[in-house]
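Colleague: Quick one: this structure, given as structure tokens, is what I'll be asking you about.
A short reminder: the numbers here are calculations on the coordinates, not readings from a lab. Note that this is a predicted model, so its numbers are computed, not measured. Here the Cβ is made from the backbone with ideal geometry for all residues, glycine too, and neighbour counts use every protein chain on show.
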Amino acid sequence: MDIFSIDNQYIASTYKRFPVAIDHGKGSEVYDIDGKRYIDMGSGIGVTAFGIADDVWQKAVIEQIGKVQHMSNLYYTEPCAKLAESLCKKSGMKKVFFGNSGAEANEGAIKAARKYAAEKKGADYYTIITLENSFHGRTLTTLAATGQDHFHGLFQPLTPGFMHVPANDLDAMKKAVAENKIAGIMMEVIQGEGGVKALDADFVKGVAELCKEQDIVLVIDEVQSGNGRSGRMYAYQNYDILPDVVSTAKGLAGGLPIGAVMLGEKVKDIFSYGDHGSTFGGNPVACAAANSIVDRIDEALLAEVREKSAYIFETFDGAQGIEAVSGMGLMVGLKTVKPAGDVLAECMKNGVLCLTAKDKLRLLPALNIPMPVLKEAVEIIKAACR
Ligand SMILES: *Cc1c(COP(=O)(O)O)cnc(C)c1O
């Protein structure tokens, strides 16, 4: 079967794929259909948190599939309840709504912010402020939230009630809040698609204080940065703030579709029966997979993430062909002298799969990538940058 030509003929042309067909893998190593080995420094865009076909994850998924693969949300299931409890304990949030993707999690977060403001301040307080250069998803509402015009294309009109302010500009944020009827502020503390940029600590703290003062719902989008990737369970924990709502997805279930809207004290009871829902949300297999991931994101694992991060930052900082290193934890952006796309192609040729974000090379390896494998990949990337 010619995968390439059949895919090109029958799959909608939304993805510009690389001419590589992946067949299988183990941990941080994957193999294409010709048996060529690659080190996976992208982990499915930060999804396979413990690598490909991880043993513990696999066992959890297979066990749950043998028990019950889906029940409607009309009934209780153990994996779903257990996961919600773990997430609340690790995040400081109080209640969780489960969906199936990052965009869906953000939709839930936006609904929570709007309902809170409508009840508290009035129905005209519906506007959500997000940051320029942000990315929040591909649905018409999360596209409206996304502060990058090039994603908006010919899909107008998008959902009304969104405005964007420049990142790290607290005065602009205060002005936007003073001049508009604001329900919520939503931001990634480490912008991913926007170029792997961690926000300034002063700005994040300032926004959190502003939200408290003005009773505005602070939503942190941890779809990419969450679940251990930043070196803490959630990236906002690096900033010493407590948001009102946290959305997450990508790495949470280690490779199965899931999204979570976590509601803090202020909005924990904002949703009543019928306010929100999702047929697949809280699926027991996805939740069992997520439990197998979340249970292993402990202090020892996080310390390991920070160590590997320090190694990557030290190796690339000031290296030949590297202009800047950005990000946090195992969410790393490399501003390369050569075009990032060229570096990516060279790495692929030499057996390392990387990502790009804007003009940067982006690295999102599995949290448990073994040090020797990481070193091997880093050497190949370094050589490709020169
Ligand atoms: C990937 C991403 C999303 C969208 O997630 P999907 O699962 O693709 O819907 C939203 N926000 C951020 C920060 C992301 O990185």
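Colleague: Of the DSSP beta bridges with both residues in the chain, give the percent that are antiparallel, rounding to the nearest 5. Walk me through the numbers before you get to the answer.
Modeller: Working: 31 of 49 bridges.
DSSP beta bridges in the chain are roughly 65 percent antiparallel.
Colleague: Can you give me the three principal axis dimensions of the stretch 239-292 from its C-alpha atoms, in Å, biggest first?
Modeller: 34, 30, 14 Å, listed from the longest principal axis down.
Colleague: To check my understanding: the extent here is largest minus smallest coordinate of the Cα atoms along each principal axis. What are those three numbers for the stretch 100-140, in Å, largest first?
Modeller: So the extents along the principal axes, rounded to whole Å, are 28, 25, 13.
Colleague: Can you list residues whose amide H is under 5 Å from LYS250's amide H, if they're 5+ apart or on another chain and H is modeled 1.01 Å from N?
Modeller: Placed amide hydrogens put GLY102 under 5 Å from LYS250.
Colleague: Expressed as a whole percent, how much of the Cα-Cα distance distribution for the stretch 174-301 exceeds 18 Å?
Modeller: Percentage above 18 Å: 59.
Colleague: Something else about it: In debye to the nearest 20, how big a dipole does the stretch 255-386 give about its Cα centre with +1 on each Lys and Arg Cβ and -1 on each Asp and Glu Cβ? Provide the component values of the computation, followed by the final result.
Modeller: Numbers: 14 positive and 16 negative charges, 86 e Å.
Roughly 420 debye for the stretch 255-386.
Colleague: If you don't mind, another one. Using only Cα atoms, what Kirkwood radius does the stretch 260-386 have, in angstroms? Each step should come with its number before you reach the end.
Modeller: On the way: mean 1/r = 0.0583 Å⁻¹.
By the Kirkwood definition, the hydrodynamic radius is 17.2 Å.
Colleague: With +1 on each Lys and Arg Cβ and -1 on each Asp and Glu Cβ, how big is the dipole of the stretch 25-118 about its Cα centre, in debye rounded to the nearest 20?
Modeller: On the way: 13 positive and 11 negative charges, 126 e Å.
Once rounded to the nearest 20, the dipole reads 600 debye.
Colleague: Given a cut-off of under 8 Å on Cα pairs at least six residues apart, what relative contact order in percent is computed for the stretch 264-386? Present the calculation step by step, with values, prior to reporting the outcome.
Modeller: Numbers: 118 pairs, mean separation 25.6, N = 123.
Rounded, it is 21 percent for the stretch 264-386.
Colleague: Looking at the chain as a GNM with Cα springs under 10 Å, which of GLY25, GLY153, GLY42 has the largest mean-square fluctuation?
Modeller: Looking only at GLY25, GLY153, GLY42, the largest GNM fluctuation is found for GLY153.
Colleague: With both bridge residues required to lie in the stretch 218-355, what share of the DSSP beta bridges run antiparallel, to the nearest 5%? Intermediate results must be reported in sequence, preceding the final value.
Modeller: Values: 10 of 14 bridges.
Among the beta bridges of the stretch 218-355, antiparallel pairing accounts for roughly 70 percent.
Colleague: Listed here are the pairs LYS26/LYS358; LYS16/LYS358; LYS181/LYS212; LYS111/LYS181; LYS16/LYS349; LYS16/LYS335; which of them are more than 25 Å apart at the Cα?
Modeller: Values: LYS26/LYS358 29 Å; LYS16/LYS358 15 Å; LYS181/LYS212 15 Å; LYS111/LYS181 16 Å; LYS16/LYS349 17 Å; LYS16/LYS335 22 Å.
Where the Cα-Cα span goes over 25 Å, the pairs concerned are LYS26/LYS358.
Colleague: Given R₀ = 51 Å, FRET efficiency for ALA201-TYR10 by Cβ-Cβ distance, to 0.05?
Modeller: Details: r = 48 Å, r/R0 = 0.94.
After rounding to 0.05, the efficiency reads 0.60.
Colleague: In addition: Over the Cα atoms, compute the radius of gyration (one decimal) and Dmax (the largest Cα-Cα distance, rounded to a whole number) for the stretch 268-323, in Å.
Modeller: Looking at the stretch 268-323, its Cα Rg and Dmax stand at 20.0, 58 Å.
Colleague: Send over the per residue convex hull volume for the stretch 69-157, Cα only, as a whole number of Å³.
Modeller: Numbers: hull volume 14.1 nm³, N = 89.
Output value, Cα hull per residue: 158 Å³.
Colleague: Next question, about the same structure. Can you show me the helix-derived [θ] at 222 nm for the chain, built from DSSP H runs with n ≥ 4 at -39,500 (n - 2.57) apiece and divided by the number of residues, rounded to the nearest 500. Don't skip to the end; give the middle numbers.
Modeller: Values: 12 runs with 142 residues, N = 386.
The helix-only estimate for the chain comes to -11500 deg cm²/dmol at 222 nm.
Colleague: Subtract the Cα-Cα distance of ASP23 and GLU265 from 0.36 nm times their separation in residues, and report this length gain in nm to one decimal. Show your work: numbers first, answer last.
Modeller: On the way: separation 242, 0.36 × 242 = 87.12 nm, distance 4.50 nm.
Length gained, ASP23 through GLU265: 82.6 nm.
Colleague: May I ask for the Rg/Rh ratio of the stretch 345-386, computed from Cα atoms with Rh as the Kirkwood radius, given to two decimals?
Modeller: Working: Rg = 10.3 Å, Rh = 10.8 Å.
Value, to two decimals: 0.95.
Colleague: Of VAL207, GLY231, MET163, which is farthest towards the positive pole of the stretch 160-263's charge dipole, taken about the Cα centre with +1 and -1 on the beta-carbons of Lys, Arg and Asp, Glu respectively?
Modeller: Comparing the listed Cα positions along the dipole, GLY231 ranks first.
Colleague: Using the Cα centre of the chain as the reference point, and only Cβ charges (+1 on K/R, -1 on D/E), how large is the resulting charge dipole? Debye, rounded to the nearest 20. Intermediate results must be reported in sequence, preceding the final value.
Modeller: Numbers: 41 positive and 48 negative charges, 49 e Å.
Rounded to the nearest 20 debye, it is 240 debye.
Colleague: Using +1 at the C-beta of Lys and Arg and -1 at the C-beta of Asp and Glu, which of PHE18, VAL68, TRP57 has the Cα lying farthest in the positive direction of the dipole of the stretch 1-75?
Modeller: Going by the charge dipole, the pick is VAL68.
Colleague: Please list the three semi-axes, largest first and in whole Å, of the ellipsoid equivalent to the chain, using sqrt of 5 times the eigenvalues of its alpha carbon gyration tensor.
Modeller: Details: eigenvalues 213, 131, 82 Å².
Values for the chain, descending: 33, 26, 20 Å.
Colleague: How large is the Rg to Rh ratio of the stretch 1-96 when both quantities use alpha carbon positions and Rh follows Kirkwood? List each step's numbers first, then the result.
Modeller: Values: Rg = 18.3 Å, Rh = 17.0 Å.
Rg divided by Rh gives 1.08.
Colleague: Can you give me the relative contact order of the chain as a percent, contacts being Cα pairs under 8 Å and 6 or more apart?
Modeller: 23
Colleague: So, one more: So what is the relative contact order of the stretch 95-213, in percent, for Cα pairs below 8 Å that sit 6 or more residues apart? Please report the intermediate quantities before stating the final value.
Modeller: Numbers: 172 pairs, mean separation 31.8, N = 119.
Relative contact order here is 27 percent.
Colleague: Further question: Over all directions, average the projected area of the Cα convex hull of the stretch 188-259 and note it in nm². Walk me through the numbers on the way to the answer.
Modeller: Values: hull surface 19.2 nm².
With every direction weighted equally, the projected area is 4.8 nm².
Colleague: Where does helix 284-294 land angle-wise versus the long Cα axis of the chain, in degrees 0 to 90, nearest 10?
Modeller: The angle comes out at about 70 degrees.
Colleague: Taking just the C-alpha trace of the stretch 122-221, give me its Rg and Dmax in Å.
Modeller: Using the Cα atoms of the stretch 122-221, the pair Rg, Dmax is 12.9, 38 Å.
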